[in-house]
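Taken together, the values in this text are just the output of simple stated rules run on the coordinates, not laboratory data. All values reported here derive from a predicted model rather than from experimental measurement. Don't worry about glycine lacking a Cβ; one is built from the backbone with ideal geometry, like all the others, and counts go over all protein chains shown.
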Amino acid sequence: MSLLDYFRITKGGSASLAKERLQILVAHERSSRNQPSYLPQLQKELLEVIRKYIHVEQDAISVNFEQDDNQETLEVNIVLPDIDTKKTKNAKNT
Amino acid sequence: MARIIVVTSGKGGVGKTTTSAAIAMGLAKKGHKTAVIDFDVGLRNLDLIMGCERRVVYDFVNVINQEATLNQALIRDKNCNLLYILPASQTRDKDALSLEGVGRVLDELKKDFKYIVCDSPAGIEKGAHLAMYFADDAFVVTNPEVSSVRDSDRMLGILASKSRRAELSEEPIKEYLLLTRYSPDRVKLGEMLSVDDVQEILSLHLLGVIPESKSVLNASNSGTPVILDEKSDAGQAYADIVARYLGENRPHRFIDDKKGFFRNFFGGK
Ligand SMILES: Nc1ncnc2c1ncn2[C@@H]1O[C@H](COP(=O)(O)OP(=O)(O)OP(=O)(O)O)[C@@H](O)[C@H]1O
Ligand SMILES: [Mg+2]
């Protein structure tokens, strides 16, 4: 970086912010673009199965598909209800 | 072999029609028989930019519906006899273009033309899909601005998955970046994404940078593609782009601020 560039950055231009935001957004959109089309249905059905046994919220499950050069991974994340949830809820209600 | 070039962007108003008119004229001026097609059904504008609006009799949809022959609909350019324009229809019927019909017209054009330039409408709906579907090369027109860069990236995803080449698992469409409405002085001040920033995000081959230029409005006012204004910066930028596309090696211009070092250094504007 030249001395001149240094002065420019301190001028507080917003381009670097634009770049940073775009890099994050584009990376995110690219990874979801390559997702297999069955993913939403898989997520829905998994949720139904789990709900037969455990009461979880609609958003408690996330299914992520990732792809790199030599492998594809499917990551399923289920957040089980907090044991204390009931207590805290009750406490709030009283 | 004929090549089909789509000029596309996702986002509207970034300079697709300006670019289509300029590069089609540039290719024809270099001796290649070229057709430029307006895919913006319902919002025809290429005819105005090319200055042939009063000579439109038949249009793209008439040809597809076999109400006119291709030769009846093609308009020969007034400045260059190797350039022909196929205007869009002004119909409001969104389904006026069909994949099969577009394919048939392009196949017929391929017999007679070296380059077929498709001016895509904005968006990612049917018109934009049809404009890119048969393409061999894509000119992705992008402005150095967040929403334009994001939409270009989406369009790249569509080119890679929804085109004929993708569906038939042929060699993918060749994608090129055309960064337009660029202001080197604003980039220097850190107010605008630089060409390096945009290239880093999109990782595309840069065909050229077109500066923000008054000559573009002048050209559209008079209905002559800006590339014919050989003295203008935008005209020269487009001429470079055509030359590079045809394989000439030309250094990039219009990326750096021409204004003096000291003026910038001391914050003068
Ligand atoms: N390099 C440039 N410098 C200044 N103005 C420009 C430049 N390129 C394009 N413009 C202006 O931007 C506007 C939009 O250009 P144009 O019609 O080519 O965009 P478009 O992408 O075809 O739009 P649409 O999505 O509506 O089809 C026009 O007013 C045009 O004059
Ligand atoms: Mg247009």
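Assorted remarks:
- Flag for B:VAL209 being within 16 Å of ligand 2 (Cβ to nearest atom) and surrounded by 19 or more Cβ atoms within 10 Å (Cβ to Cβ): no
- Answer residue from segment B:212-235, given it is under 21 Å from B:VAL187 (Cβ atoms) and among the polar types (S, T, N, Q) and is farthest from ligand 2 (Cβ to nearest atom) among those: B:SER232
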